[in-house]
1. Within the set of pairs 6+ apart or on separate chains, which have a first residue in the stretch 29-52 that is among the polar types (S, T, N, Q), a second that is in a helix (DSSP H, G or I), and C-beta atoms under 6 Å apart?
2. Using the structure shown, decide if ILE78 is loosely packed, with under 13 Cβ neighbours inside 10 Å, among the aliphatic types (A, V, I, L, M), free of Cβ contacts under 8 Å to residues at least 60 places away in the same chain and part of a helix (DSSP H, G or I).
3. Under the condition of being in contact (Cβ under 8 Å) with a residue 12 or more places away in the chain and more than 14 Å from LEU46 (Cα to Cα), which residue from the stretch 1-17 is least open to solvent (accessible area, probe 1.4 Å)?
4. Which of the residues spanning the stretch 30-74 are over 21 Å from PHE84 (Cβ atoms), part of a helix (DSSP H, G or I) and open to solvent by less than 30 Å² (accessible area, probe 1.4 Å)?
Amino acid sequence: PRLRPTRLEYVVDGVRLRAQLSAAALEASGGVAQRKAALDILKQALFRGRMIAKERLENGAGGIETARLLSGVTDEVITALWDFT
């Protein structure tokens with residue numbers, strides 16, 4: 001049986017992602033430290049999205065659905081980065 005489509009918000013929460021980036025910017029002393037903190041947060045979001053997509057694909061989700069999920073995760077991460085900068 002095919003899996004039901006998953007909502008993007010269950011994979012990457014854009015509001016939470018932006019809050020994490022803002023907190024990292026405030027906590028870091030600036031420059032390199034801020035960039036590293038932001039990069040770590042964004043990489044984690046992408047990794048989580050890829051792992052969920054991989055698991056769903058292995059459990060019967062369709063290829064187009066999986067591609068849409070990955071595209072949505074990437075879009076959310078890029079827009080969060082845009083907002084952060």
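1. Taking only residues 6 or more apart or on different chains, the pairs are GLN34/ALA25.
2. Numbers: loosely packed, with under 13 Cβ neighbours inside 10 Å: yes; among the aliphatic types (A, V, I, L, M): yes; free of Cβ contacts under 8 Å to residues at least 60 places away in the same chain: yes; part of a helix (DSSP H, G or I): yes.
Spelling it out, ILE78 is indeed loosely packed, with under 13 Cβ neighbours inside 10 Å, among the aliphatic types (A, V, I, L, M), free of Cβ contacts under 8 Å to residues at least 60 places away in the same chain and part of a helix (DSSP H, G or I).
3. Start the filter on the stretch 1-17 by keeping residues that are in contact (Cβ under 8 Å) with a residue 12 or more places away in the chain, which leaves 1-3, 5-6, 8, 11-12, 14, 17.
Then drop every residue that is not more than 14 Å from LEU46 (Cα to Cα), which leaves 1-3, 5-6.
Details: PRO1: 164, ARG2: 166, LEU3: 61, PRO5: 103, THR6: 45 Å².
Among residues in the stretch 1-17 that are in contact (Cβ under 8 Å) with a residue 12 or more places away in the chain and more than 14 Å from LEU46 (Cα to Cα), the one least open to solvent (accessible area, probe 1.4 Å) is THR6.
4. The answer is ALA53, THR66, LEU69.
Table: residues versus (1) at pLDDT 95 or above; (2) more than 9 Å from the chain's Cα centre (by Cα); (3) within 19 Å of GLY72 (Cβ to Cβ).
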| position | (1), (2), (3) |
| --- | --- |
| THR6 | no, yes, yes |
| GLU9 | no, yes, yes |
| ASP13 | no, no, yes |
| SER22 | no, yes, no |
| LEU26 | no, yes, no |
| GLY30 | no, yes, no |
| ALA37 | no, yes, no |
| ALA45 | yes, no, yes |
| ARG50 | yes, no, yes |
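The values are calculated or read from the model by the stated rules, or taken from the named source; none is laboratory data. Bear in mind that the values here come from a model prediction, so they are computed numbers and not experimental data. Cβ coordinates were reconstructed from backbone atoms using ideal geometry, including for glycine residues, and neighbour counts include every protein chain displayed. Accessible surface is based on the protein model in full, side chains and every heavy atom, while ligands, DNA and RNA are left aside. Shrake-Rupley method; radii C 1.70, N 1.55, O 1.52, S 1.80 Å.
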